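In what follows, a structure is listed as structure tokens, so that the remarks can point back to it.
Only the coordinates and a few stated rules stand behind these numbers; no lab work does. It should be emphasised that the depicted structure is a prediction, and the values quoted were computed from it without experimental measurement. As a convention, Cβ positions derive from the backbone with ideal geometry for all residues, glycine included, and neighbour counts pool all protein chains shown.
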Amino acid sequence: MTDAQSYFSNRLAFETDPSDVYAGQKAGTTFTLVDVRGDDAWAQGRITGAVHMPYAQIAERAPTELDRDTPVVVYCWSPGCNAGQKGALEFARLGYQVREMIGGYEYWVREGQPYENDEGPLERVFDATVMVVRQARAARA
């Protein structure tokens, strides 16, 4: 029992999900959301309000671009991508408080949260396979 409690407590300390990140954004919680994917992925689409810092550049860029006292949340493409873990590890090595947003960009978009590309905001879509979709909510998209 203790092993299970430790395991899940540790996961919750270092992971978050798109719903919680969006709720934190709306509530004004202080953190920096970092997209650790490459340039082409960033141009195709990203979470509104995110900072772009590919995971291979974190060690060089983060100390001069991001406040070490501000918590960081990283994300990559999807549950099938481990770039978020690579990015989180780099931030941890630099002494940042960091969490990985599980589900990544894919689940952010599927849950209907705001996202954009170089042209501006993209149409919000609510995917009933990952969340409860209500008519009023879907109509506001």
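Using 7 Å Cα-to-Cβ label points, what is the residue 70/residue 97 separation (nm, one decimal)? Calculated label separation equals 1.4 nm. Among 106, 15, 65, the largest mean-square fluctuation in a Gaussian network model of the chain, built with springs joining Cα atoms closer than 10 Å, belongs to 65. Each DSSP beta bridge with both residues in the chain is either parallel or antiparallel, and the antiparallel ones are about 25%. Only DSSP H runs of four or more residues enter the estimate; each adds -39500 (n - 2.57), and after division by the residues of the chain the mean residue ellipticity at 222 nm equals -12000 deg cm²/dmol. Mind checking the log10 I(q)/I(0) for the stretch 66-118 at q = 0.14 Å⁻¹? Debye, one equal scatterer per Cα, no solvent, two decimals. Log10 I(q)/I(0), no solvent term: -0.40. Each semi-axis of the equivalent ellipsoid for the chain is √(5λ) with λ an eigenvalue of the Cα gyration tensor; in descending order they amount to 25, 20, 13 Å.
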